[in-house]
1. Taking 0.36 nm per residue of separation and subtracting the Cα-Cα distance, what length does fully extending Arg19 through Ser84 add?
2. With the contact rule set at Cα under 8 Å and sequence spacing of 6 or more, what percent relative contact order holds for the stretch 1-84?
3. If Lys and Arg each add +1 and Asp and Glu each add -1, what is the summed charge of the other residues whose beta carbon sits under 12 Å from the beta carbon of Val121?
4. Non-local amide H neighbours of Tyr112 (under 5 Å, H modeled in plane, Pro and chain starts lacking H): which ones?
5. For the stretch 41-55, take each phi angle, set θ = phi - 60°, evaluate the Karplus expression 6.51 cos²θ - 1.76 cosθ + 1.60, and give the result in whole Hz per residue in order, putting x for glycine and proline.
6. Taking 7 Å along the Cα-to-C-beta vector as the label spot, tell me the Thr120-Ser52 distance in nanometres, rounded to one decimal.
7. Working out 0.36 nm times the residue gap between Asp106 and Arg27, then minus their Cα-Cα distance, what length gain in nm do you get to one decimal?
8. Could you sort Trp53, Trp113 by their accessible area in this structure, using a 1.4 Å probe and putting the largest first?
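The values are calculated or read from the model by the stated rules, or taken from the named source; none is laboratory data. What you see is a predicted model, and the numbers here were worked out from it, not measured in a lab. Backbone-built Cβ (ideal geometry, glycine too); neighbour counts: all protein chains shown. Note: areas computed on protein heavy atoms with side chains; ligands, DNA, RNA excluded. Shrake-Rupley method; radii C 1.70, N 1.55, O 1.52, S 1.80 Å.
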Amino acid sequence: QVQLAESGGGLVQAGGSLRLSCVASGRTFSSYAMGWFRQAPGGERMFVAAISWISSTYYADSVKGRFTISRDNAKNTVDLQMNSLKYEDTAVYYCAAASGSYYYRDPGSYDYWGRGTQVTVSS
C-alpha cells in the first residue's frame, strides 16, 4: 500500500512558476513509476508527466519544454517544476504511482493516487 500527498499548488499569474511535490509512504518507492495528471473542471483526467523507476521521463506535448518531472528516491518524493505557466494549465494536479507494467499516459495503469492540489493560473 502506498499513500501519496501532493503539495505546492496555488494561484500564480500567467508566465509564472510553481513547483509541485508529492511525498509517498512505503519502503518500495524506488520501484514505482510516478506520474502527474491534471483535471480541469468538467474535464477528464489528463496525463502531464511521468518518470519511470530508472528515471526515464515522459511529457504531454502541451507541457514539453515548460514542465520538468524529477524524483528523489532517498526522500520518497516526485516533483513537478512548472515554468511559463498558462491559463490553460489551471487544474487540479494529481500524483500517481504505478507498480509493474504500465503505460505512462493511461490513468488506469496507475495503482495509487493522491488527493490532488489546485493550480490556478490567472491571465
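1. So the chain would gain 22.2 nm between Arg19 and Ser84.
2. 31
3. Charge balance in the 12 Å sphere: +1.
4. Ala97
5. x, x, x, 8, 6, 10, 5, 10, 7, 8, 9, 7, 5, 9, 6
6. Placing both labels 7 Å beyond Cα along the Cβ direction yields 3.9 nm.
7. Full extension from Asp106 to Arg27 adds 26.0 nm.
8. From most accessible down to least: Trp53, Trp113.
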